[in-house]
Amino acid sequence: MAEKMATSGKSHNSKEKKSYPGGGKNSKSSSHDEMTLDKFVSKMLPLIELEKEAEITASKDTIAMLKPEVAQKRGCAILNLKCADVQTGLLGKTLLELQPNRGDILPPHKLTPHDVVVLKSNKADSTSAALGQGVVYRLKDDCITVAVDDIPEDGLNSSLRLEKVANEVTYRRLKDTLVELSKGVLQGPAADLVPVLFGSKRPTFSQKPISFSPFNKGLDNSQAAAVSKALGAHDVLLLHGPPGTGKTTAVLEIILQEVKRGSKVLACAASNIAVDNMVERLACHKVKLVRLGHPARLLPQILESSLDAQVLKGDNSSLANDIRKEIKVLNSKFLKTRDRKSRGELRRELRQLGKEERKRQQQAISDVIRDSNVILTTLTGALSRQLQDVSFDVVIIDEAAQALEVACWIALLKGRRCILAGDHLQLPPTIQSVEADKGGLGRTLFERLAAMYGNEVMVMLTVQYRMHHLIMEWSSQELYGGKIQAHGSVNRHTLYDLEDVQKASATEPTLILIDSSGCF
Ligand SMILES: Nc1ncnc2c1ncn2[C@@H]1O[C@H](COP(=O)(O)OP(=O)(O)OP(=O)(O)O)[C@@H](O)[C@H]1O
């Protein structure tokens with residue numbers, strides 16, 4: 001899935017060294033960069049399919065072809081579970097709490113919140129149909145809670161097992177986006193943005209620099225210039241942030257300035273952690289924001305900002321709460337009932353109530369979305385039902401150089417302007433399929449626009465706040481045209497300067513180069 005592609009695993013990307021993009025108005029783009037919308041769609045559709053197949057094959061390799069006991073040993077299945085409780089969560093989802101049949105704690109496993117899993121009878125072989133499919137919602141040592149759309153018809157009273165499966169939802173969303181991009185987009189909010197991002201219309205900026213009174217009084221000159229340029233961008237700006245130069249700091253200032261001027265902002269990143277980071281850093285400002293996404297995937301400290309938490313506070317959700325209580329009572333009845341006919345009736349009643357609850361919840365959700373100035377979500381989360389028909393004045397994407405271009409389009413189609421923050425000279429997204437990678441799936445929008453427009457749409461941050469100048473020097477010279485400076489607060493700091501670090505040969509020098517040839 002896109003998030004994983006962006007953050008984990010071994011990349012097949014073969015780029016080893018990139019040159020500094022000294023593009024600009026007069027820079028010539030290679031034929032590789034002359035990408036029309038039609039070309040893009042027809043090129044990406046098969047590559048997405050290849051990537052999906054690669055992920056499915058990888059997951060089949062680890063589960064379906066293995067005996068259940070072996071799959072458990074490898075951490076991608078949990079055997080011998082019993083269903084200890086059934087509850088309802090937000091939007092009528094059913095939460096199944098599964099506990100070990102034997103012993104107090106679950107066996108060691110690699111399941112994490114938001115993994116897609118199937119629930120099977122413990123005795124079922126690898127080809128048997130699943131009782132249901134769901135998402136890991138909560139994990140504790142002694143139980144695992146799975147959110148399913150519908151309560152399984154049969155089998156919950158027997159011994160169960162969970163198996164991790166490939167998440168095809170992301171790929172479906174990527175494909176849906178490509179299809180949308182290819183047809184109705186010219187009437188959508190991004191109608192004027194699309195031609196600019198495909199090179200058939202020139203990007204424009206405000207004639208005069210936009211002055212602003214910063215919320216963050218400590219912005220350095222390059223950050224302030226980047227914010228000003230972003231506020232003056234009529235369609236697109238690339239905020240190029242080499243390591244530790246305060247890319248996210250500048251992004252937050254842009255968000256706050258946009259809200260101040262009355263914009264509705266969609267702020268995204270490829271990974272949940274990067275989105276949570278923005279939420280956490282925005283929370284101290286008086287800005288109406290909401291974080292979309294499954295609560296099981298959010299950092300505990302930002303749960304208050306989540307859609308679930310805000311919906312629960314809204315007036316519209318009290319009715320839904322009453323319905324949920326009713327559902328809970330019926331659910332426990334359902335678990336105890338063995339008679340087939342009564343189970344069927346209970347199921348019908350539960351379905352009806354679930355529908356009603358969803359309707360009420362949907363209203364409560366729409367209220368929160370309408371009243372928020374900033375909506376934060378992962379890129380694939382931007383295609384969620386909650387944002388259907390919602391448009392934005394500006395879409396801001398952090399970590400844009402680690403996100404698939406197709407994933408960026410999920411968010412971009414909802415906005416009139418966009419700001420992409422990232423560094424295309426660092427690692428690109430991870431692609432599982434060698435063929436898809438060769439075909440160009442991993443080439444990011446950030447990189448493509450940097451090559452197509454160069455400095456015409458790009459500003460670079462030039463002061464870094466993370467490392468000693470000697471560590472920075474190499475990358476600054478090799479990749480960033482020697483333009484990066486180390487801020488005074490880090491310019492000369494070493495490991496040894498940190499509290500509780502002992503003086504030693506490994507902590508005193510700034511940089512130790514180790515010849516690793518022959519080590520592997
Ligand atoms: N103007 C500034 N003055 C002082 N510290 C700053 C400034 N801008 C950024 N920093 C600090 O620099 C560090 C990096 O900032 P930030 O996380 O915004 O950068 P980034 O470029 O997004 O980082 P990364 O390299 O992880 O992508 C943070 O500790 C931040 O507080």
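We did not get these values from a lab; they are worked out from the coordinates using the rules stated. Everything quoted here is computed from the prediction, not taken from an experiment. Positions of Cβ are backbone-derived with ideal geometry, glycine not excepted, and every protein chain shown enters the neighbour counts.
Any residue in segment 377-399 that is touching a Phe, Trp or Tyr at 6+ places or on another chain (Cβ under 7 Å), under 25 Å from V290 (Cβ atoms) and either outside any helix (DSSP H, G or I) or within 16 Å of the ligand (Cβ to nearest atom) (or both)? Among the residues of segment 377-399, not one is touching a Phe, Trp or Tyr at 6+ places or on another chain (Cβ under 7 Å), under 25 Å from V290 (Cβ atoms) and either outside any helix (DSSP H, G or I) or within 16 Å of the ligand (Cβ to nearest atom) (or both), which makes the answer no.
Among residues of segment 458-486 being under 25 Å from the mean Cα position of the chain (by Cα) and assigned to a loop (DSSP other than H, G, I, E, B), the one that is farthest from D497 (Cα to Cα) is L461. Buried (at least 17 other Cβ atoms within 10 Å of the Cβ), part of a helix (DSSP H, G or I) and more than 16 Å from the ligand (Cβ to nearest atom): is that true of V275 in this structure? Taking the combined requirement at face value, the residue does not satisfy it. Residues that are in a helix (DSSP H, G or I) and either among the polar types (S, T, N, Q) or buried (at least 17 other Cβ atoms within 10 Å of the Cβ) (or both): does segment 414-424 have at least one? Scanning segment 414-424 turns up no residue that is in a helix (DSSP H, G or I) and either among the polar types (S, T, N, Q) or buried (at least 17 other Cβ atoms within 10 Å of the Cβ) (or both). Contact annotation: residue pairs with Cβ atoms under 7 Å, 6 or more positions apart or on different chains, pairing a residue in segment 485-500 that is of a type in the set (S, T, N, Q) with a partner that is within 13 Å of the ligand (Cβ to nearest atom) and part of a loop (DSSP other than H, G, I, E, B), are Q485/T462; S489/Y465. Within 16 Å of the ligand (Cβ to nearest atom), over 18 Å from C408 (Cα atoms), in a helix (DSSP H, G or I) and in contact with a helix residue (DSSP H, G or I) (Cβ under 9 Å, 6 or more places away or on another chain) - does that describe any residue in segment 236-245? Taking every residue of segment 236-245 in turn, none turns out to be within 16 Å of the ligand (Cβ to nearest atom), over 18 Å from C408 (Cα atoms), in a helix (DSSP H, G or I) and in contact with a helix residue (DSSP H, G or I) (Cβ under 9 Å, 6 or more places away or on another chain). Considering the conditions (1) within 22 Å of S372 (Cβ to Cβ); (2) buried (at least 23 other Cβ atoms within 10 Å of the Cβ); (3) more than 16 Å from the ligand (Cβ to nearest atom), A267 is excluded by exactly one of them, (3).
Looking at segment 165-186 only, could you name the residues that are within 30 Å of P68 (Cβ to Cβ), part of a helix (DSSP H, G or I) and polar (S, T, N, Q)?
T170
Would you confirm whether any residue within segment 457-466 is more than 12 Å from the ligand (Cβ to nearest atom) and either among the charged types (D, E, K, R) or without any contact (Cβ under 8 Å) to a residue 24 or more places away in the chain (or both)? No. In segment 179-202, the residues that are farther than 17 Å from F40 by Cα form Cβ pairs under 8 Å with partners that are of a type in the set (V, I, T) and surrounded by 13 or more Cβ atoms within 10 Å (Cβ to Cβ), at six or more places apart or across chains, as follows: R202/V196.
Can you confirm whether L470 is under 19 Å from A400 (Cβ atoms) and of a type outside the set (D, E)? So L470 fails the test.
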